[in-house]
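Enquirer: This structure is in structure tokens; I'll ask about it shortly.
Just so it is clear, none of the values below were taken in a lab; they were calculated from the coordinates. Everything numeric in this text was worked out from a predicted model, so none of it was measured. In this analysis, Cβ positions are derived from the backbone assuming ideal geometry, glycine residues included, and neighbour counts consider all displayed protein chains.
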């Protein structure tokens, strides 16, 4: 018997957890988005589908099952989000670094790893990454891709600094202290209007906790 539960519902659509027999999947339905955001919601779904397809069978990220331009269905990763799990082991962050590197080798930059809600601790204690709506796929991995990949790593190290500060290496601290020009421009020019749009116009709740970590 099929069952479904709403995981998230906002201006960009509905995210459902669905079970059919022994299979559990997550479906992002952009048909439920506000009419004036439907084009953007579907563009973001296309980006996620492209990133998941590019990564193929890479472990610890969702697997693309289907995308018809409106509904995206992916495999479900069972685990706790980072701000609930509070990972503080060297093994977790070592595995997380390997995962990010493998993701980059697939020519995918996540672009939203600053959010702890996009990091999981899976049932085996290891890391998982979800939500590739703003990911970039760059088969040739040019200069812009390398900048974005560097920011993915910097965001990972920020989480490591928060949960396992005594294990951050000197090289990692240097990266943390030197955000890219793109990151500085985001903070100065893009983030203020982005926050106004999401809070005032879209009505997203104000968050100050680790689920929306600052300092992109």
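Enquirer: Which order do the peptides 39-47, 102-110 come out in when sorted by mean C-beta neighbours inside 10 angstrom, highest first?
Expert: Ranking, from highest mean packing down: 102-110, 39-47.
Enquirer: For a protection proxy built on the mean count of beta-carbon atoms within 10 angstrom, sort 151-160, 68-77 highest first, please.
Expert: By packing density, highest mean first, the sequence is 151-160, 68-77.
Enquirer: Largest first, please: the extent of the C-alpha atoms of segment 3-75 along each principal axis, to the nearest Å.
Expert: Extents along the principal axes, in whole Å: 35, 29, 18.
Enquirer: Something else about it: Over the Cα atoms of segment 1-129, compute the convex hull volume and normalise it per residue, giving Å³.
Expert: 115
Enquirer: Over all alpha-carbon pairs in segment 34-193, figure out the percentage whose distance exceeds 23 Å.
Expert: Tail fraction, whole percent: 40.
Enquirer: Can you give me the Cα centroid spacing of segment 85-154 and segment 13-52 in angstrom?
Expert: Measuring centre to centre over Cα atoms gives 21 Å.
Enquirer: Quickly rank 165-172, 114-121 as a protection proxy: mean count of other C-beta atoms within 10 Å, highest first.
Expert: Per-residue Cβ counts within 10 Å, averaged per peptide and sorted highest first, yield 114-121, 165-172.
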